[in-house]
Amino acid sequence: MPSEIDTLLRSPKAYAIVRKAVEAMEAHRVWPTARNLELWVHYVAAKDSALAAEIDQVISSGEPFTEDVSEKIAAEHLPTAKLSGEILHAGQTLTKELDTVSKAIESARESSEAYGQQLATASETLEGQDAEAFKSMVDTLTIATSKVRDENQALESQLADTTQELGRLREHLEQVRRDAMTDALTGLANRKAFDEGLEKACTETLERGESLTLAVVDSDHFKGFNDTWGHQTGDQVLRYVASVIDRAAAAPRLAARYGGEEFALIFPNETAEAALKVLETVREEVASRILKRRSTNEELGAITVSAGVAQREGDEPLVSLIERADAALYASKNAGRNRVTRAESPPPASRAA
């Protein structure tokens, strides 16, 4: 759902959605803070979401919409707030572990210094002493040695536990990073991952003198399909299209949900000709399947996709590459949909960054 709302907020509908959110906040006496505005924009834009259901519950209960309430809802339902909370928790855990290790090392250092002082004192005391004094000193050193050994063993155990905990923490942070770069609905890379991936691919392929091709794919007539069958069935369709695209995107290719019903594929070190073959395979597979509604097994018919493919020329700016891929996509749409179109070459002035 966040991707759809992000797309709406970049469309002409954005102002109407924000005005509606402010009106709803005023009607329910909710202060227009940045966090509240973010929540209520999601609320009015996606009335069937879990976030909207929770806000409705707060409204019906008569509970005041305090900062604590808004932060709780945000932490559960807004990806940015949830991610910030997880990173904060991970950071606090890491700080705690490092503090424990630091204290254990300091304790071991102090014990070692004390033991060294005892050895020095013993060396001085033993000079010219009788057997009884010697025995007493040996007993003292034995106790001190045992104490240092025990503390060193405790330190080793603490370090082992901390190493294990830091390993778990590293895995958790990696999972948080993956979640932050993944589209929740389709499992593909999200827009943020796409933007970073395209910029990286452009830099690396240019440095190595390799080709780079970008493809943009859009589900045909998706809005009408979504309006007819409902958002849940629409989500089912998007997941299906994404799964077909994902199978075509073996590394180092990158498939992403670009926004709404639009997807993108990055082809490092591949020409437009190679990408066109891949997109034709995707187009044919999507169109070949008769979809059924999961809840009722009712036939929905087939869905098709259109695509545009653009190969980067020279050090062409990313903006120009994306615009040409988009223009090729619209050319496919205007030509009747269910087809793949290669972009025209950029004008000479657009080939240099």
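List of remarks:
- Among the numbered conditions (1) surrounded by 16 or more Cβ atoms within 10 Å (Cβ to Cβ); (2) within 16 Å of Glu261 (Cα to Cα); (3) more than 21 Å from the chain's Cα centre (by Cα), the only one that Lys223 does not meet is (1).
- Of all positions in region 280-295, at least one carries a residue that is crowded, with 20+ Cβ neighbours inside 10 Å, of a type in the set (Val, Ile, Thr), assigned to a helix (DSSP H, G or I) and at pLDDT 95 or above.
- Within region 314-323, the set of residues being surrounded by 15 or more Cβ atoms within 10 Å (Cβ to Cβ) and farther than 11 Å from Thr213 by Cβ comprises Glu316, Pro317, Leu318, Ser320, Ile322, Glu323.
- Residue under evaluation Leu188, criteria (1) more than 27 Å from Ala335 (Cα to Cα); (2) surrounded by fewer than 20 Cβ atoms within 10 Å (Cβ to Cβ), criterion not met: (2)
Quick grid of which residues meet (1) at pLDDT 70 or above; (2) loosely packed, with under 12 Cβ neighbours inside 10 Å; (3) outside any helix (DSSP H, G or I); (4) assigned by TED's automatic domain parsing to the domain that holds Gln158:
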{"position": "Leu39", "(1), (2), (3), (4)": "yes, no, no, no"}
{"position": "Glu54", "(1), (2), (3), (4)": "yes, no, no, no"}
{"position": "Gln57", "(1), (2), (3), (4)": "yes, yes, no, no"}
{"position": "Pro64", "(1), (2), (3), (4)": "yes, yes, yes, no"}
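- Residue check: Arg257 meets all listed conditions (1) assigned to a helix (DSSP H, G or I); (2) in contact with a Lys or Arg (Cβ under 9 Å, 6 or more places away or on another chain) but one, namely (1).
- Within the set Leu265, Leu300, the sole residue that is surrounded by fewer than 18 Cβ atoms within 10 Å (Cβ to Cβ) and assigned to a strand (DSSP E or B) turns out to be Leu300.
- Number of the exception - Asp48 against (1) surrounded by fewer than 15 Cβ atoms within 10 Å (Cβ to Cβ); (2) assigned to a helix (DSSP H, G or I): (2)
The values are calculated or read from the model by the stated rules, or taken from the named source; none is laboratory data. Every value quoted in this text rests on a predicted model; they were computed, and no experiment measured them. Every residue, glycine as well, gets a Cβ built from its backbone with ideal geometry; the counts of neighbours run over all protein chains shown.
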